[in-house]
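Right, one structure below, let's go through it.
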Amino acid sequence: MVTFSPRRASLVGAVAFGMLLSACESAPEPVVAPPPPPPPPLPALALNSGVAEAAAVYLAYVQDAAQISSSFANGDEVRQSLMRAASYEPTQLSRGMVAYAAVVALQSPEFVNGVRGLAADPANRDTLVRQIMADPAYAAQLPGAREAAGLIAAQIQSHGQGVYNAGSAVKQTAYDVQRQRWSAQHVTDRDARLERARVLSATPLNPNADESVRLLQAALSGEGLPVQPAEAGPPYTQAVIRGLAIAALAALGQAGEDARATTESLLNEPVSADCLNFSKLMMMQCLAASRPHYEEIFCLGQHIMMDTAQCVVDAAGTVTPILQSPVLMAQPASVETASADATSSDAQTPN
């Protein structure tokens, strides 16, 4: 049997402890991977001032045109109203309508929250932006699109209906005033009137600065416009689709001042622009054929106001037809002939 003295046992214990300590010191520490960096935050909603300015031009025109009176006491009053209603450039008005549609769509929390909810993941966010830019109609498939499209359709239809109703009243006046002597007097400067209408139809309007700011704030805040909840299902018009696309990019923070080129492209909507251009063509032919004041009142009511309003209503995508006002008297022969010739010429135009 082997025995150790107390001194030897103490020495052995010290050596063992030292070896154990050395082993512990030489063992590698476990490597803990750092946590992954958090994903970049979703950008704040962004819309550039160019969209708001375009929307302000559209809104100012439709609101002013809807206020044109159907009461005339002389030819000068007719001329003033005629030039007032003719003062829009078709492409600018069409672009402004799309811009206003985008501002209205941003009043829909269902749409804004739905789009932003899909974009929490940066990869999804980039995919959304690419798909919208490649095909604006993709925006109409996003969550909340039905609610946003409903707001757009209701607002734009209301604007068009307001102008249409005012134009219908003016057109009725063309028949009602024919017993008044002044209305049968011939316009003395028909060529100058026609040229003035042509110039106004080709001159872009300047946006009101205060209205532009108000619309931009409404878009960014999601409130401020008098909208009521509504829904609209597909198929959507190009004006509605492009308005939804701009609004979706804004909700993703991709329609700010550095994205003007993108939004400018999306504002171009050929369907309503063509409709408004044809309305102006009909206006010019009507004015060229009209001679007495009651005939130019007819041109004002039908071809400047009602035809323009129909283009606006069609762009809203409404399925509710606008009822034509009853014709109490036949159209003046010269105006009726001009309108028929224009329609026939358009029908013969190759596609």
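Key figures
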{"read-out": "Residue match in the range 201-213 (condition: open to solvent by 60 Å² or more (accessible area, probe 1.4 Å) and touching a Gly at 6+ places or on another chain (Cβ under 8 Å))", "value": "no"}
{"read-out": "Qualifying residue in the range 317-328 (condition: buried (at least 18 other Cβ atoms within 10 Å of the Cβ), modelled with pLDDT of 95 or more and farther than 22 Å from Leu82 by Cβ)", "value": "no"}
{"read-out": "Scope the range 174-199; condition farther than 20 Å from Gln285 by Cβ, out of contact with any His (no Cβ under 9 Å at 6 or more places or on another chain) and not in a loop (DSSP other than H, G, I, E, B); matching residues", "value": "Tyr175, Asp176, Gln178, Arg179, Arg181"}
{"read-out": "Qualifying positions in the range 99-113 - touching a helix residue (DSSP H, G or I) at 6+ places or on another chain (Cβ under 8 Å) and either part of a helix (DSSP H, G or I) or on the phi > 0 side of the Ramachandran plot (or both)", "value": "Ala99, Tyr100, Ala101, Ala102, Val103, Val104, Ala105, Glu110, Phe111, Val112"}
{"read-out": "Helices (runs of 4 or more DSSP H) completely within the range 242-315 that count 1 or more residues being in contact (Cβ under 8 Å) with a residue 24 or more places away in the chain, open to solvent by 10 Å² or more (accessible area, probe 1.4 Å) and basic (Lys, Arg)", "value": "260-267, 270-289"}
{"read-out": "Answer residue from the range 78-123, given it is among the small types (Gly, Ala, Ser), touching a residue at least 40 places away in the same chain (Cβ under 8 Å) and open to solvent by 10 Å² or more (accessible area, probe 1.4 Å) and is nearest to Ala251 (Cα to Cα) among those", "value": "Ala120"}
{"read-out": "Test: residue in the range 72-85 that is β-branched (Val, Ile, Thr), touching a helix residue (DSSP H, G or I) at 6+ places or on another chain (Cβ under 9 Å) and not in a helix (DSSP H, G or I)", "value": "no"}
{"read-out": "Boolean, Phe278 is at pLDDT 95 or above and more than 27 Å from the chain's Cα centre (by Cα)", "value": "no"}
{"read-out": "Candidate set from the range 124-177 (those that are among the charged types (D, E, K, R) and under 30 Å from Pro37 (Cα atoms)); member that is surrounded by the most Cβ atoms within 10 Å (Cβ to Cβ)", "value": "Arg125"}
{"read-out": "Whichever residue in the range 86-129 is of a type in the set (Lys, Arg) and modelled with pLDDT of 95 or more and, among such residues, is nearest to Leu216 (Cα to Cα)", "value": "Arg95"}
{"read-out": "Ile68 assigned to a helix (DSSP H, G or I), at pLDDT 95 or above and buried (at least 20 other Cβ atoms within 10 Å of the Cβ)", "value": "no"}
{"read-out": "Hits in the range 54-79 - residues which are more than 28 Å from Arg190 (Cβ to Cβ) and small (Gly, Ala, Ser)", "value": "Ala54, Ala55, Ala56, Ala60"}
{"read-out": "Checking Val227 against (1) in a helix (DSSP H, G or I); (2) open to solvent by 30 Å² or more (accessible area, probe 1.4 Å), the condition it does not meet", "value": "(1)"}
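The values are calculated or read from the model by the stated rules, or taken from the named source; none is laboratory data. None of these values were measured; they are calculated from a predicted model. Using ideal geometry, Cβ is built from the backbone for each residue, glycine included, and neighbour counts are taken over all protein chains shown. The area values use the complete protein model at the heavy-atom level, side chains included, leaving out ligands, DNA and RNA. Shrake-Rupley method; radii C 1.70, N 1.55, O 1.52, S 1.80 Å.
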